[in-house]
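The structure under discussion appears below in the form of structure tokens.
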Amino acid sequence: MTQTLQQKILENSGCSKKKSTEFLDGSESAVDFEQVFTTEEEARQTLSRLTAIAREAETEPCIIQSRISPQNHWFHLKAQFEFCCQAESFIFQMKCRSSVKV
């Protein structure tokens, strides 16, 4: 049986279509950040800037866990930002990207 183009379109109309809830499904509300710096002050300034961005994005308090570890001649900043929802996490990431100096 040969299908017309219209029948094929109707049959496959839902195959490639994403549900509106798939993009923000709530599964990724945490953002991990790691970077190495030459001075501890640079690491602290970056953490302060990231914390300010997180505070702008939050509607409920964001849980921030961070650690700056000295490693030979550099400092390793590791931080996690846990937001109440994926939308806030997404907003935080976009604000971080837009604040990067090129």
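For this structure, a couple of remarks:
- Nearest-20 debye value, the stretch 30-85 charge dipole, Cβ charges on Lys, Arg, Asp, Glu: 120 debye
- Count Lys and Arg as plus one, Asp and Glu as minus one, and take only other residues whose Cβ is under 12 Å from that of P61; the net charge is then -3.
The numbers here are math on the coordinates, done by the rules we state, and not lab data. Fair warning: this is a prediction, and the values are worked out from it, not measured in the lab. Don't worry about glycine lacking a Cβ; one is built from the backbone with ideal geometry, like all the others, and counts go over all protein chains shown.
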